[in-house]
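*Asks:* What follows is a structure written as structure tokens; I'll ask about it next.
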Amino acid sequence: MTDLTLQALAEAIKDVIWPSTEWDSETACEAVALASSRAVLTAIEQAGYVVVPKEATEEMLIDGAAAHRDFLSQKGPYPRSRAVYRAMIQSAPKIGDA
């Protein structure tokens, strides 16, 4: 996830909390919204989920294809699909990536 995604989430939170709370400044509201955004994303990750782009990035597609090509036998249903999925999720943009 990129910084732009984090900022978009913070803006959405700010739009909710700005009009309903008395703030010393808009900057203070923005700081709370950004901290809230980080807290939400941390909770999502701790619950075992990730936030990824709607469309796979080039890096995700390359890593997924490599996992498909380099697949080694695994136990369980759909092992190749699982390997591809894991590879794509691992290479998804993270917070702070440009």
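*Asks:* Could you order peptides 42-50, 30-38, 13-21 by the average number of other Cβ atoms within 10 Å of their residues, highest first?
*Replies:* Those peptides, ordered most packed to least, come out 30-38, 13-21, 42-50.
*Asks:* Could you give the dipole magnitude of the chain about its Cα centre, charging the beta-carbon of Lys and Arg +1 and that of Asp and Glu -1, in debye to the nearest 20? Intermediate values should be presented prior to the final figure.
*Replies:* Numbers: 9 positive and 14 negative charges, 182 e Å.
Dipole size: approximately 880 debye.
All of the numbers you see were taken from the coordinates with simple rules; none came from a lab. Just so it is clear, the structure is predicted and the values come from calculations on it, not from any experiment. FYI the Cβ positions are ideal-geometry reconstructions off the backbone, even for glycines, and counts take in every protein chain you see.
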